[in-house]
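> Structure below; questions to follow.
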Amino acid sequence: MAAAPKKIRDRHRRLAEEIEAHNRRYYVDDAPTISDVEFDALFDRLLAIEREHPELVTPTSPSQRVGATPSDSFSSYTHRLPMLSLQKVTARDEFDAFDQRVRAALEADESVAYVVEPKLDGLAIELVYEQGKLTVGATRGDGVTGETITPNVRTLRSIPLSLDQGLAEQYPRLDVRGEVIMRQSDFAALNETQRASELPEFANPRNAAAGSLRQLDPSITAGRRLVFYAYGLADQDLPGLETQTAVFDLLRTAGFRTNELTTTVAKPDEVEATFEQIRELRPTLDYEIDGVVIKVDSFEQQRLLGQITRAPRWAVAWKFAAELAQTVVNDIEFSVGRTGAVTPVAKLAPVRVGGVTVTNASLHNEDELERLDIRIGDTVVVRRAGDVIPEVVEVLTQHRNKAARSVRYPDRCPSCDQPIVRLPEEAARRCLNPSCPAQREGRLFHFASKPGFNIDGLGEKLARQLLDRNVVTSPADLFFLTVDDLLPLDLMAEKRAQNLIAAIDAARATPLPSVIYALGIIGVGETAARLLAESLGTFNTLQNADQATLETIDGVGPVIAGNVIAFFANEGNQLLIKRLRAGGVLFPDHLSMRATGLPLSGKTVVITGTLSRPRSYFKEMLEQAGAKVTGSVSKSTDFLLVGSDAGSKLEKATKLGVTVVNEDEVDDLIAGEPE
Ligand code: IVH
């Protein structure tokens with residue numbers, strides 16, 4: 001094949017640069033400026049050029065971010081300068097001792113500035129840039145020798161494949177160091193998929209990040225949503241870089257993600273204050289940290305301080321105390337979830353753990369109850385990490401007194417008094433009565449929850465009241481409610497009732513993945529629901545799918561497939577679906593936002609005036625049909641959907657010659673033939 005002409009090469013380079021700039025806005029700055037569809041279009045153009053001219057496929061082309069060919073093993077990589085570890089402190093007096101050692105090694109009157117950064121709980125890596133091109137990615141390993149994982153790191157969108165020309169000239173070689181992490185939310189989703197596929201779950205985000213990065217098949221890494229935070233350079237003596245703070249600024253301008261909580265301070269008191277601030281923020285962060293790292297800011301001082309065997313004298317890790325606390329068990333109750341699982345819950349004397357007050361801890365199941373041999377009155381150690389439900393880790397039997405009472409798993413459901421059973425192969429005991437009040441409440445609440453039909457205002461209490469008073473007997477009844485049905489309920493003012501009805505109305509257009517989630521099929525959480533919707537596209541296909549078809553879906557294992565089949569085979573559920581349809585639930589087809597060829601693809605619509613249903617309803621309908629719904633009328637608006645009392649927008653549309661449609665006409669548009 002002939003070499004690509006210069007014009008093509010230039011076009012390829014410009015496209016590659018543009019794509020990488022968008023990657024950076026999306027994955028580093030969290031501020032994308034174009035839609036996924038537009039991004040995909042750019043990417044497709046790049047791929048088209050590379051298909052015609054394969055010689056343009058270089059290791060730094062954005063097309064390589066999907067993962068190169070798998071290899072048989074990792075080769076080892078010796079770091080040019082060793083990657084050190086850190087000394088640890090756990091309290092202010094220990095930090096003060098570190099600070100004293102630092103000051104003792106420097107001139108008596110010298111001031112010391114410290115950089116305080118979160119200590120990210122992930123996996124340390126090194127990235128080598130030569131002449132501005134990423135040439136090596138390696139794990140830390142034992143600090144001296146790690147493993148080469150270059151094709152894997154290329155799949156991380158937060159890692160630049162090449163650096164700016166000017167920077168490359170100034171620094172022909174840069175060894176960038178930092179941490180690869182997996183966000184809590186991505187970790188939870190990954191484990192949900194693992195569960196659904198009956199694969200082992202990862203113990204924590206750090207293990208998940210390490211397992212995902214060290215894959216011989218880089219395309220697996222590409223699918224795992226890892227994030228790289230840069231925190232330093234191997235060299236302490238590069239021209240123009242005198243401080244750690246300057247390195248941070250350089251890394252940020254070079255296109256790396258750096259941690260936004262990093263702060264430079266001058267006094268030990270400020271170090272402690274920053275440590276406290278970061279510790280308080282910890283529960284709100286979407287990534288795990290286990291302390292802060294404190295570094296002497298000046299490289300000159302760093303050089304003077306030097307290092308002991310494996311750790312520098314100029315840095316220290318101040319680790320958080322474990323999120324454990326001691327308290328007393330006041331009671332042990334059994335709660336019944338929407339699937340009938342009966343879970344023991346320890347009611348605790350209120351105690352602060354990891355920044356929040358805890359009063360309940362899950363005891364999981366019968367096996368756990370036996371293993372702990374926990375009794376009412378016992379003193380226990382509870383643990384809380386991040387957002388997870390607190391749990392009892394240990395019973396302090398040495399504190400047990402004679403009055404301590406053990407509990408037996410009940411034989412009958414605490415809610416409906418029907419027998420409860422432990423199914424073979426299951427750890428949980430279940431109440432199998434589908435009309436059990438606790439289960440019905442749980443199901444209704446799940447149905448209306450945010451990831452489901454998202455009916456704002458329908459919380460646990462209201463769900464209970466609706467069922468207790470027989471206002472609703474099945475979730476589908478919600479779609480037949482009127483304001484008058486709601487008014488007799490406790491704490492139900494006219495306004496609240498109206499809002500609830502409006503929320504229910506808008507919920508009729510709930511997208512397919514959320515509809516599937518809301519049904520509450522056992523094992524089908526948000527991720528599985530999305531996978532089902534994406535693979536099958538329509539509710540009918542899902543309803544009629546057989547076991548084999550379901551199992552072919554990536555992320556859906558035989559157990560989930562079986563649960564789906566069983567769900568749709570159940571007569572009660574068939575009735576539920578019929579009634580949902582009768583109640584106006586749309587079960588919209590799931591057409592990915594990336595799809596083109598929808599009736600309103602590429603069309604921009606503005607909505608104005610009072611319509612028969614909330615605007616959110618029409619917005620959803622229009623977007624499902626491929627339209628973009630915007631707020632103001634301009635030349636590029638294709639349609640204005642008007643209700644009664646339309647004002648200035650209608651005027652402007654008329655002036656600009658924009659097509660004006662009413663509710664009935666918009667239905668025709670949505671149902672129209674694809675263009
Ligand atoms: S600096 C000499 N900064 O902690 C400096 N390390 O024991 C050594 N870590 O495995 C590294 N967050 O991966 C540094 N902001 C941060 C860090 C950090 C996490 C990890 C690092 C290494 C360990 C050092």
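> Per residue and in cubic angstrom, what volume does the convex hull of the Cα atoms of region 169-278 have?
143 Å³
> Excluding residues on the same chain fewer than 8 positions from LYS461, give the aspartates and glutamates whose Cα lies under 13 Å from its Cα.
GLU441, ASP490
> Continuing with the same structure: Can you tell me how much longer the chain between THR148 and HIS399 gets when fully stretched, taken as 0.36 nm per residue apart minus their C-alpha distance, in nm with one decimal?
Extra length from THR148 to HIS399 when fully extended: 85.2 nm.
> As an exercise, identify the GluC sites (Glu not before Pro) in region 136-209 lying in DSSP coil whose Cβ has no more than 14 other Cβ atoms within 10 Å.
GLU198, GLU201
> Using the number of other C-beta atoms within 10 angstrom as an exposure proxy, rank THR69, THR263, THR659 with the fewest first.
Result, fewest neighbours first: THR69, THR659, THR263.
> What FRET efficiency would be calculated for the residue pair ASP456, GLU110, taking the C-beta separation as r and a Förster radius of 51 Å, to the nearest 0.05?
0.30
> Moving on to the next point. To the nearest 0.05, what FRET efficiency results for SER362 and ALA210 with a Förster distance of 22 Å applied to their C-beta separation?
0.20
> Once phi is turned into θ = phi - 60°, what whole-Hz ³J(HN,Hα) does the Karplus curve with 6.51, -1.76 and 1.60 give for every residue of region 629-638, x standing for Gly and Pro?
Going residue by residue, I get 9, 10, x, 10, 7, 9, 4, 7, 6, 8 Hz, with x marking Gly and Pro.
> Around VAL115, under 11 Å between beta carbons, what's the net of Lys plus Arg minus Asp minus Glu among the other residues?
Summing Lys/Arg as +1 and Asp/Glu as -1 gives -1.
> Could I ask something else about it? Quick one: order LEU532, LEU199 by neighbouring beta-carbon count within 10 Å, fewest to most.
Lowest to highest Cβ neighbour count: LEU199, LEU532.
> Here's something else I'd like to know. Under the rule of at least 5 residues apart or a separate chain, name every residue whose amide H is placed under 5 Å from the amide H of TYR77.
Answer set, sorted by chain and number: GLY146, GLU147, THR148.
> Could I ask something else about it? Could you pull out every residue, at least 5 positions away or on a different chain, whose amide H is within less than 5 Å of the one on TYR231? Hs are placed 1.01 Å off N in the peptide plane, and Pro or chain starts have none.
Distant-sequence amide H within range of TYR231: ARG177, GLY178, GLU179.
> Between ARG13 and GLN131, what is the label-to-label distance in nm when each label sits 7 Å out along the Cα-to-Cβ direction?
Output for this residue pair reads 1.3 nm.
> Starting with the fewest neighbours, write out LEU81, LEU134, LEU622 ranked by other beta-carbon atoms found within 10 Å of each beta-carbon.
Ascending Cβ contact count within 10 Å gives the list LEU81, LEU134, LEU622.
> Could you tell me which of VAL382, LEU462, VAL351 has its Cα farthest along the dipole of the chain towards the positive end, charges placed at Cβ (Lys, Arg +1; Asp, Glu -1), taken about the Cα centre?
In the chain, that residue is LEU462.
> Any idea how far apart ALA582 and SER616 come out in nm if each label point goes 7 Å out from Cα toward Cβ?
Spacing of the two 7 Å Cα→Cβ label points: 2.7 nm.
> When the helices in the chain are scored as -39500 (n - 2.57) per DSSP H run of 4 or longer and the sum is shared across all residues, what 222 nm value do you end up with, to the nearest 500 deg cm²/dmol?
It lands at -11000 deg cm²/dmol.
> If you average the sequence gap of Cα pairs under 8 Å that are 6 or more apart and divide by the length of region 167-289, what percent do you get for the contact order?
RCO, region 167-289: 31 percent.
> With +1 on each Lys and Arg Cβ and -1 on each Asp and Glu Cβ, how big is the dipole of the chain about its Cα centre, in debye rounded to the nearest 20?
Roughly 300 debye, rounded to the nearest 20.
> Then there is this: Under 11 Å from the 7 Å Cα→Cβ point of ASP40, by amide nitrogen: which residues of region 197-231?
Within reach of a label on ASP40: no residues.
> Check cross-link reach from LYS295 to the lysines: straight Cα distance under 22 Å, and skip same-chain residues fewer than eight apart.
LYS88, LYS119, LYS267, LYS319
> Can you give the extra length, in nm with one decimal, that the chain gains between THR339 and ASN499 once fully stretched, where that is 0.36 nm per residue apart less the Cα-Cα distance?
54.7 nm
> Against the empirical 2.2 N^0.38 Å scaling, what ratio does the C-alpha Rg of the chain come to?
Ratio of Cα Rg to 2.2 N^0.38 Å: 1.13.
> Would you grab the residues whose amide H sits under 5 Å from the one on VAL629? Only those 5+ places off in sequence or on another chain, please, with H modelled 1.01 Å from N.
VAL605
> Right, something else. Charges only on Cβ, +1 for Lys and Arg, -1 for Asp and Glu: so what's the dipole of region 285-324 about the Cα centre, in debye to the nearest 20?
In total the dipole reaches around 380 debye.
> Can you give me the distance in nm between label points at GLN418 and SER85, each placed 7 Å from the Cα along the Cα-to-Cβ direction?
The answer from the label model is 5.6 nm.
Taken together, the values in this text are just the output of simple stated rules run on the coordinates, not laboratory data. Everything quoted here is computed from the prediction, not taken from an experiment. Here Cβ is always computed from backbone atoms with ideal geometry, including for glycine, and neighbour counts include all displayed protein chains.
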